[in-house]
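Trainee: I have a structure here, written as structure tokens, and I will follow up with some questions on it.
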Amino acid sequence: MRALIAQTGMELRLTLRSGEGLLVTLVIPPALLVFFAALRIAPSGYDRPIDFLLPSMLALAVMSIGLVSLGIRTAYERHYGVLKRLGATPLGRGRLLGAKILAVLTIEVVQALILVLVGVSFGWRPSGSIVLAFLTMLMGTATFASLGLFIAGTFRAETTLALANGLYLLLILLGGIAWPVERLPGPLAIIGLALPSNALASALRQTLAPSPGWPVAQLGALLLWTLLILALARRTFRWE
Amino acid sequence: MTVPNTVPTALAPEPVDHAIVVENLVKRYSGRPVVDGLSFTIRRGELFALLGPNGAGKTTTIEILEGYRRPDSGTVRVLGLDPWHNSDALKPRIGVMLQSGGIYPAATPHEMLQLFASFYPDPQDPQELLHLVGLEEVSHIRYRYLSGGQQRRLALALALVGKPELLFLDEPTTGMDPQARRLTWSLIEDFKRRGITILLTTHFLEEAERLADRVAIIDHGHLIALATPRELMQYEAEHVTVTAIRDLDVTALTRLPSVQAVRSLGEGRYALETGRPMELLVELTRWAYEHGILLTELRVGYQSLEEVFLRLTGNEIRE
């Protein structure tokens with residue numbers, strides 16, 4: 001237990017110590033929220049832009065920490081032989097992964113608090129089911145942390161850097177984060193619909209709506225994505 | 001969630017005086033054998049150096065012993081345990097220094113030692129370790145800003161945190177300046193005095209010569225020599241080195257009855273090969289006396305482990 005706590009502390013410190021990590025996890029999602037909300041850019045069908053934007057940015061926060069920050073950091077840890085060296089200590093791989101997940105969840109709590117505060121300042125009021133939204137965030141974390149770790153353990157560090165950032169941008173634009181996928185032109189809408197970011201954002205919208213329901217289809221989609229990524233990772237992940 | 005530091009006796013069938021037993025070890029990478037039928041035994045408390053040119057199979061062997069890789073065939077026992085199948089029981093008892101890296105670039109020596117201390121049941125005090133390896137003054141500087149030598153010394157300290165019975169040091173002093181290297185050597189000698197078994201690989205044959213109780217030279221995955229450094233150097237009496245104050249006539253030297261071959265080593269030094277070293281010494285000194293040449297140095301056998309190594313492997317050891 002002592003080892004798990006110490007490793008989690010180290011993971012958190014290293015996340016916050018990296019400028020890029022801080023930017024992508026704690027600055028970009030709230031900054032985009034302020035930008036879009038202030039410009040009142042939001043699709044029709046929503047009474048207030050913030051009702052569309054806040055769930056989007058919560059989903060983006062999960063992607064920022066799981067895919068981008070965790071993925072890139074882990075890829076460089078692999079590159080520098082840190083994963084290998086830790087493997088020769090009694091910490092073990094299970095607790096190393098456990099510590100990474102705990103650190104990701106801790107950062108997400110901070111991200112969510114900041115985003116909700118910004119949301120409230122733009123007129124958002126708590127509605128829907130906090131419990132369901134929380135469960136949805138957990139499922140999304142599983143998907144995007146798996147994706148980040150899969151890329152980190154499969155590709156070189158430089159490739160991971162490019163791939164994680166590229167996917168992040170792609171998902172913001174086509175994956176239902178900045179704009180609903182239904183409004184995308186033609187085939188792009190179909191692609192967007194299948195992306196995990198869309199499943200996560202739309203599930204969060206559903207759970208935070210005034211009359212929330214279980215986002216069964218979206219959670220199912222996230223679960224499928226997670227299983228697919230884990231199956232790939234099992235074949236390709238390398239610790240060194 | 002700590003792993004018990006005791007090993008069930010059923011798992012330790014090896015005699016207690018053997019820290020490492022390797023028998024007919026084979027490891028192939030995509031069909032090509034990298035370690036090919038290697039056997040050796042390391043006694044408890046011994047400092048054992050593994051030498052060989054690049055690609056000889058040193059690191060593969062060490063990494064099998066550390067539990068990173070699975071042998072294709074053969075038997076390996078480390079502290080009486082199978083490092084692949086009993087790695088959880090083994091890890092708390094060994095200390096590992098990788099050939100490079102292994103440390104978060106953005107973490108400080110203090111943080112790294114605190115972190116590693118939390119992994120072991122009875123760790124050594126991080127502050128004492130910082131003092132021991134001479135990193136107290138940079139204990140709050142991030143790893144990436146440390147000098148190469150300081151980085152290696154932190155890696156060494158991290159290998160010691162768990163108070164290991166057995167230390168694996170893969171090229172511990174590469175990248176150190178001479179002063180740091182000497183400090184590290186005296187540290188390693190100190191670990192040895194405390195009874196820690198040490199398996200070391202190195203590019204510096206002087207290091208093996210000074211530190212090792214026994215040296216194993218491997219090449220192409222085979223063991224080609226295993227002895228104390230002194231034995232290895234004196235083994236080859238057919239080799240005579242001679243130094244004179246002026247250049248000698250190589251053709252004249254070659255004509256001496258007992259000489260088989262002569263090689264100039266430069267700066268007035270010559271290496272002679274012979275099947276009859278006793279006779280050669282008589283012939284050589286008489287020849288020098290007759291020609292009025294003062295021989296300033298005369299040595300039978302090899303002068304350094306480096307020469308032995310060159311002869312046995314036909315390879316320079318450096319990368």
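Trainee: Do the conditions hold for B:Glu297, that is, is it closer than 23 Å to B:Pro229 by Cα and of a type in the set (D, E, K, R)?
Mentor: Values: closer than 23 Å to B:Pro229 by Cα: yes; of a type in the set (D, E, K, R): yes.
Considered against the rule, which asks whether it is closer than 23 Å to B:Pro229 by Cα and of a type in the set (D, E, K, R), B:Glu297 comes out as yes.
Trainee: Of the conditions (1) over 19 Å from A:Trp225 (Cβ atoms); (2) over 15 Å from the mean Cα position of the chain (by Cα), A:Thr154 fails just one. Which one is it?
Mentor: Result: A:Thr154 fails condition (1) only.
Trainee: Another question, then. State the number of residues belonging to region A:15-61 that are surrounded by fewer than 20 Cβ atoms within 10 Å (Cβ to Cβ), within 14 Å of chain B (Cβ to nearest Cβ) and not acidic (Asp, Glu).
Mentor: Of the residues in that region, 5 qualify.
Trainee: Determine if region B:253-264 includes at least one residue that is in the same structural domain as B:Glu66 (by TED's automatic domain parsing), charged (D, E, K, R) and more than 30 Å from B:Lys163 (Cα to Cα).
Mentor: No, region B:253-264 has no match at all.
Trainee: A further question follows. Could you check region A:209-220 and list, in sequence order, the residues that are outside any loop (DSSP other than H, G, I, E, B), within 25 Å of A:Gly148 (Cβ to Cβ) and either in contact with a Pro (Cβ under 7 Å, 6 or more places away or on another chain) or of a type outside the set (Gly, Ala, Ser) (or both)?
Mentor: The initial filter retains those residues of region A:209-220 that are outside any loop (DSSP other than H, G, I, E, B), namely A:216-220.
Subset that is within 25 Å of A:Gly148 (Cβ to Cβ): A:217-220.
Result: A:Gln218, A:Leu219.
Trainee: Could you tell me how many of the residues in region B:30-60 are within 14 Å of chain A (Cβ to nearest Cβ) and either under 14 Å from B:His220 (Cβ atoms) or charged (D, E, K, R) (or both)? Spell out the reasoning first.
Mentor: Step one: list which residues in region B:30-60 are within 14 Å of chain A (Cβ to nearest Cβ), which gives B:59-60.
Subset that is either under 14 Å from B:His220 (Cβ atoms) or charged (D, E, K, R) (or both): B:60.
Number of matching residues: 1.
Trainee: Identify the residue in region A:1-10 that is within 10 Å of chain B (Cβ to nearest Cβ) and assigned to a helix (DSSP H, G or I) and, among all such residues, is nearest to A:Arg95 (Cα to Cα).
Mentor: Of region A:1-10, the ones within 10 Å of chain B (Cβ to nearest Cβ) are A:1-7, A:9-10.
Within this subset, residues satisfying the condition of being assigned to a helix (DSSP H, G or I) are A:2-7, A:9-10.
Details: A:Arg2: 11, A:Ala3: 8, A:Leu4: 6, A:Ile5: 9, A:Ala6: 11, A:Gln7: 8, A:Gly9: 13, A:Met10: 13 Å.
Across region A:1-10, the extreme among qualifying residues is A:Leu4.
Trainee: Let me ask you something else. Mind listing whichever residues of region A:111-137 are under 21 Å from A:Leu26 (Cα atoms), more than 17 Å from the chain's Cα centre (by Cα) and of a type in the set (Val, Ile, Thr)?
Mentor: A:Val118, A:Val120
Trainee: Check off (1) farther than 30 Å from B:Pro123 by Cα; (2) free of Cβ contacts under 8 Å to residues at least 24 places away in the same chain; (3) assigned to a helix (DSSP H, G or I) for A:Ser44 and give me the number that stays unchecked.
Mentor: Here A:Ser44 meets the rest and fails (3).
Trainee: Something else: Condition first: among the basic types (Lys, Arg) and either in contact with a Ser or Thr (Cβ under 8 Å, 6 or more places away or on another chain) or within 7 Å of chain B (Cβ to nearest Cβ) (or both). Now tell me which residues in region A:69-88 satisfy that. Steps first, please.
Mentor: First, the residues of region A:69-88 that are among the basic types (Lys, Arg): A:73, A:78, A:84-85.
Once the filter is applied, which keeps residues that are among the basic types (Lys, Arg) and either in contact with a Ser or Thr (Cβ under 8 Å, 6 or more places away or on another chain) or within 7 Å of chain B (Cβ to nearest Cβ) (or both), region A:69-88 yields A:Arg73, A:Lys84, A:Arg85.
Trainee: May I ask you to verify whether B:Leu90 is aliphatic (A, V, I, L, M), under 21 Å from B:Glu207 (Cα atoms) and more than 9 Å from chain A (Cβ to nearest Cβ)? Before you say what the answer is, go through the steps one by one.
Mentor: Working: aliphatic (A, V, I, L, M): yes; under 21 Å from B:Glu207 (Cα atoms): no; more than 9 Å from chain A (Cβ to nearest Cβ): yes.
It is false that B:Leu90 is aliphatic (A, V, I, L, M), under 21 Å from B:Glu207 (Cα atoms) and more than 9 Å from chain A (Cβ to nearest Cβ).
Trainee: Please go through region B:98-129 and give me each residue that is among the hydroxyl-bearing types (Ser, Thr, Tyr) and facing another protein chain (nearest Cβ under 7 Å), ordered by number. Talk me through it step by step, then tell me what you get.
Mentor: First, pick out the residues of region B:98-129 that are among the hydroxyl-bearing types (Ser, Thr, Tyr): B:100, B:104, B:108, B:118, B:120.
Across region B:98-129, the qualifying residues are B:Ser100, B:Tyr104, B:Ser118, B:Tyr120.
Trainee: Can you say whether A:Ile177 is in contact (Cβ under 8 Å) with a residue 24 or more places away in the chain, away from chain B (no Cβ under 14 Å) and closer than 20 Å to A:Leu228 by Cβ, as far as the supplied structure shows?
Mentor: Numbers: in contact (Cβ under 8 Å) with a residue 24 or more places away in the chain: yes; away from chain B (no Cβ under 14 Å): yes; closer than 20 Å to A:Leu228 by Cβ: no.
Taking the combined requirement at face value, the residue does not satisfy it.
Trainee: Tell me, yes or no, whether region B:293-307 has at least one residue that is under 30 Å from B:Thr59 (Cα atoms), part of a loop (DSSP other than H, G, I, E, B) and among the polar types (S, T, N, Q).
Mentor: The answer is yes, given that some residue of region B:293-307 is under 30 Å from B:Thr59 (Cα atoms), part of a loop (DSSP other than H, G, I, E, B) and among the polar types (S, T, N, Q).
Trainee: In region B:61-78, which residues are within 14 Å of chain A (Cβ to nearest Cβ) and surrounded by 21 or more Cβ atoms within 10 Å (Cβ to Cβ)?
Mentor: Within region B:61-78, B:Ile62, B:Glu63, B:Ile64, B:Leu65, B:Glu66, B:Gly67, B:Val78 meet the criteria.
Trainee: Taking region B:108-120, which residues are in contact with a helix residue (DSSP H, G or I) (Cβ under 6 Å, 6 or more places away or on another chain), without any contact (Cβ under 8 Å) to a residue 40 or more places away in the chain and not in a helix (DSSP H, G or I)?
Mentor: B:Ser118
Trainee: Which condition does B:Gly95 not pass, out of (1) within 14 Å of chain A (Cβ to nearest Cβ); (2) more than 21 Å from the chain's Cα centre (by Cα); (3) within 24 Å of B:Leu211 (Cα to Cα), if it passes all the others?
Mentor: (2)
Trainee: So, one more: Which of the residues that make up region B:82-105 are in a loop (DSSP other than H, G, I, E, B) and either under 22 Å from B:Met176 (Cβ atoms) or in contact with a Ser or Thr (Cβ under 7 Å, 6 or more places away or on another chain) (or both)? Steps first, answer last, please.
Mentor: So in region B:82-105, the residues in a loop (DSSP other than H, G, I, E, B) come out as B:82-86, B:98-105.
Those that are in a loop (DSSP other than H, G, I, E, B) and either under 22 Å from B:Met176 (Cβ atoms) or in contact with a Ser or Thr (Cβ under 7 Å, 6 or more places away or on another chain) (or both): B:Leu98, B:Gln99, B:Ser100, B:Gly101, B:Gly102, B:Ile103, B:Tyr104, B:Pro105.
Trainee: Would you be able to say whether some residue in region B:2-19 is out of contact with any Pro (no Cβ under 8 Å at 6 or more places or on another chain) and modelled with pLDDT of 95 or more?
Mentor: yes
Trainee: Of (1) in contact with a strand residue (DSSP E or B) (Cβ under 8 Å, 6 or more places away or on another chain); (2) within 13 Å of another protein chain (Cβ to nearest Cβ), B:Thr202 satisfies all except one. Which?
Mentor: (2) is the only condition that B:Thr202 fails.
The values are calculated or read from the model by the stated rules, or taken from the named source; none is laboratory data. On a predicted model such as this, the values are computed, not experimentally measured, just so you know. Glycine also receives a Cβ, built like all others from the backbone with ideal geometry; neighbour counts cover every protein chain displayed.
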